[in-house]
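Student: To start, I am sharing the structure in question, which I have written as structure tokens.
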Amino acid sequence: ETGVTQSPTHLIKTRGQQVTLRCSSQSGHNTVSWYQQALGQGPQFIFQYYREEENGRGNFPPRFSGLQFPNYSSELNVNALELDDSALYLCASSYASGQETQYFGPGTRLLVL
Amino acid sequence: GQQLNQSPQSMFIQEGEDVSMNCTSSSIFNTWLWYKQDPGEGPVLLIALYKAGELTSNGRLTAQFGITRKDSFLNISASIPSDVGIYFCAGQRGGSQGNLIFGKGTKLSVKP
């Protein structure tokens, strides 16, 4: 186990709704990255948070937003959900040190109907 | 989004066989990582490579960081049933580009 936890494990929403996913990083880690993994694909980078600020963003629209808290835990918020947002959402924590090996949580499975 | 070229896409193994898979990119990475993902789980780190030419082992797993920094391979020796799963390579540029770029995965299954 990596020590990275995510909640909830599963979620069902309808199109147009908003969702918040949560991640607790591994002890000693100060950076959290979020990824979206569609079925049969590799994870795609959404954004990364370091010291409570966004530190890099992938090709995702602004309705994907996030937060990092002083204890380094993080939230991913998605507004105006679309059917294509159905995926496994993974968070990974790391320690910003130059060799930032990322350790993943178990993910949140989101289904948008 | 960008993905690395990972091959083969899938393969069947018989217990005891050696397995090889590789990953290539059109651009340079400073770090290569190999993860394994079981159904319903997050990716688990197997091996991390930080220097071009580096060859690193983790039990029956061996991975190499290509000299050109544009490729990596993973070998599994004497496979066992619990090796079944999806293996992902990931490249990382580092610094302000700390995000991982993943391959599409290699699915390992047991020969019927």
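Taken together, the values in this text are just the output of simple stated rules run on the coordinates, not laboratory data. All values derive from a computational prediction rather than experimental measurement. Every residue, glycine as well, gets a Cβ built from its backbone with ideal geometry; the counts of neighbours run over all protein chains shown.
Student: Taking the stated definitions as given, is B:K70 among the basic types (K, R) and within 11 Å of another protein chain (Cβ to nearest Cβ)? Walk me through how you get there before you give the answer.
Tutor: Working: among the basic types (K, R): yes; within 11 Å of another protein chain (Cβ to nearest Cβ): no.
Considered against the rule, which asks whether it is among the basic types (K, R) and within 11 Å of another protein chain (Cβ to nearest Cβ), B:K70 comes out as no.
Student: Among the listed residues B:G98, B:G53, B:G91, which satisfies the condition of being surrounded by 15 or more Cβ atoms within 10 Å (Cβ to Cβ), without any contact (Cβ under 8 Å) to a residue 24 or more places away in the chain and not in a helix (DSSP H, G or I)? Please lay out each step first, then the result.
Tutor: Numbers: B:G53 fails: surrounded by 15 or more Cβ atoms within 10 Å (Cβ to Cβ); B:G91 fails: without any contact (Cβ under 8 Å) to a residue 24 or more places away in the chain.
Exactly one residue qualifies, and that residue is B:G98.
Student: Here's a follow-up. Residues being at negative phi and either exposed (fewer than 13 other Cβ atoms within 10 Å of the Cβ) or more than 12 Å from chain B (Cβ to nearest Cβ) (or both): count how many of those fall in region A:50-65.
Tutor: Step one: of region A:50-65, the residues at negative phi are A:50, A:53-55, A:57-65.
With the extra rule that they be either exposed (fewer than 13 other Cβ atoms within 10 Å of the Cβ) or more than 12 Å from chain B (Cβ to nearest Cβ) (or both), the set shrinks to A:53, A:59, A:61-65.
So the count comes out to 7.
Student: So which residues in region B:65-84 are touching a Ser or Thr at 6+ places or on another chain (Cβ under 9 Å) and either among the acidic types (D, E) or assigned to a strand (DSSP E or B) (or both)? Before the answer, list the steps.
Tutor: The initial filter retains those residues of region B:65-84 that are touching a Ser or Thr at 6+ places or on another chain (Cβ under 9 Å), namely B:65-66, B:69-77, B:84.
B:F65, B:D71, B:S72, B:F73, B:L74, B:N75, B:I76, listed by residue number.
Student: What's the number of the only condition in (1) under 23 Å from B:L45 (Cα atoms); (2) within 15 Å of the chain's Cα centre (by Cα); (3) within 13 Å of another protein chain (Cβ to nearest Cβ); (4) part of a loop (DSSP other than H, G, I, E, B) that A:R109 fails to meet?
Tutor: Going through the list (1) under 23 Å from B:L45 (Cα atoms); (2) within 15 Å of the chain's Cα centre (by Cα); (3) within 13 Å of another protein chain (Cβ to nearest Cβ); (4) part of a loop (DSSP other than H, G, I, E, B), A:R109 breaks only (4).
Student: Can you tell me which residue in region B:101-112 is surrounded by the most Cβ atoms within 10 Å (Cβ to Cβ), limited to those that are within 11 Å of chain A (Cβ to nearest Cβ) and in a loop (DSSP other than H, G, I, E, B)? Can you show your working first?
Tutor: Within region B:101-112, the first condition is being within 11 Å of chain A (Cβ to nearest Cβ), and the residues that meet it are B:101-107.
Okay, now just the ones that are also in a loop (DSSP other than H, G, I, E, B), so B:104-105.
Numbers: B:K104: 18, B:G105: 25.
The selected residue is B:G105.
Student: Scan region A:20-38 and report the pairs whose first residue is more than 17 Å from A:S65 (Cα to Cα) and whose second residue is among the aromatic types (F, W, Y), with Cβ atoms within less than 7 Å and a gap of 6+ or a chain change.
Tutor: From region A:20-38, the pairs are A:S25/A:Y72; A:Q26/A:Y103; A:G28/A:Y95; A:H29/A:Y72; A:H29/A:Y95; A:N30/A:Y50; A:N30/A:Y72; A:N30/A:Y95.
Student: Please enumerate the residues belonging to region A:66-113 that are of a type outside the set (S, T, N, Q), surrounded by fewer than 15 Cβ atoms within 10 Å (Cβ to Cβ) and under 15 Å from A:Q36 (Cβ atoms).
Tutor: Matches in region A:66-113: A:E82, A:L83, A:D84, A:L111.
Student: I'm trying to understand the selection: among the residues of region A:77-96, which are more than 10 Å from chain B (Cβ to nearest Cβ) and either among the small types (G, A, S) or part of a loop (DSSP other than H, G, I, E, B) (or both)?
Tutor: A:N79, A:A80, A:L81, A:E82, A:S86, A:A87, A:S93, A:Y95
Student: When region A:27-49 is examined, which residues are found to be among the aromatic types (F, W, Y) and within 8 Å of chain B (Cβ to nearest Cβ)? Lay out the reasoning, then the answer.
Tutor: The initial filter retains those residues of region A:27-49 that are among the aromatic types (F, W, Y), namely A:34-35, A:45, A:47, A:49.
Within region A:27-49, A:Y35, A:F45 meet the criteria.
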